[in-house]
Amino acid sequence: MKKIVKKDDHISAPRLWLVIMRSHRALTLMAAESITKAGLCLTDFAALEALLHKGPLTISEIQDKVLLASGSMTAAVDRLEKLGLVVRKASPSDRRARVLELTPEGKRLAASCFEQHAKDLEALMSPLSEKEKGQTYRSLKKLGLLAAEKLGGQEAKFRRKK
């Protein structure tokens, strides 16, 4: 393990950004590994998880929640539909839209995968105390909200270009 920063060490913004990025990358890889153990890819899991916790959604609503490009989202939905995990239904409020809903098998799989994924993440975060988790959460949330505010809508444009 690398040296932990002492309380009196100055942490510059570039240094902090680098630690956040490296941590994000490592945590993302660990989270993806947790999901692939369940036999799903990250995109499919994200769609199933959104439907499990939010209920029936349109493809674009899922896409907004899981921050995926349109093509990736459509491919994921097609895969999930072929596997019998989701069904497309007419939207009760918009005749042009289709709503995705988990099948009973999809609900079972999503719940099972999410439960194991949550356990894996808890284990990964276990070195942090509850106080440290709270501090980290609040600090990252504060930074994220400030960055989103400074982007002023550019974030949505950036996501669509991917």
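Side notes on the structure shown:
- Residue exposure sequence - Met21, Met73, Met30 - by fewest surrounding Cβ within 10 Å: Met21, Met30, Met73
- Listed residue (Leu27, Gln63, Leu140) projecting farthest to the positive dipole end of the chain, Cβ model: Leu140
- For the range 66-79, the Karplus equation 6.51 cos²θ - 1.76 cosθ + 1.60, evaluated at θ = phi - 60°, returns couplings of 9, 6, 10, 5, 4, x, 5, 5, 4, 4, 4, 4, 4, 4 Hz by residue, with Gly and Pro reported as x.
- ³J(HN,Hα) computed for each position of the range 136-142 - Karplus, 6.51 cos²θ - 1.76 cosθ + 1.60, integer Hz, glycine/proline x: 4, 4, 5, 5, 5, 4, 4
- In this structure, the amide hydrogen of Leu57, modeled 1.01 Å from its nitrogen in the peptide plane, lies closer than 5 angstrom to those of Leu100, counting only residues at least 5 positions away or on a different chain.
- Backbone HN-Hα couplings from phi across the range 45-60 [Karplus 6.51/-1.76/1.60, Hz, Gly and Pro as x]: 4, 4, 5, 4, 5, 4, 5, 4, 8, 10, x, x, 9, 7, 4, 5
- Near the amide H of Val86, within less than 5 Å, lie the amide hydrogens of Glu81, Thr103, all on another chain or at least 5 residues away, with H placed in the peptide plane.
- Whole-Å distance, taken between Cα centres, linking the range 43-62 and the range 79-95: 11
- Summed residue charge, Cβ within 14 Å of Asp94's Cβ, Lys/Arg positive, Asp/Glu negative: +4
- Under a Gaussian network description of the chain, with springs only between Cα atoms under 10 Å, the residue in Gln116, Gln135, Gln63 that fluctuates furthest is Gln135.
- Cα gyration tensor category, rounded, prolate or oblate, for the range 9-162 with a/c compared to 1.5: oblate
- Exposure proxy shown here: for Phe45, Phe114, the number of other Cβ atoms within 10 Å sets the order, fewest to most, as Phe114, Phe45.
- Footprinting exposure proxy for Val86, Val19, Val77 (fewest neighbouring C-beta atoms within 10 Å first): Val19, Val77, Val86
Bear in mind that the values in this text are calculations on the coordinates, not laboratory data. From a predicted model like this one, the values you see are computed outputs, not experimental measurements. Every residue, glycine among them, receives a Cβ derived from its backbone with ideal geometry; neighbour counts consider all protein chains shown.
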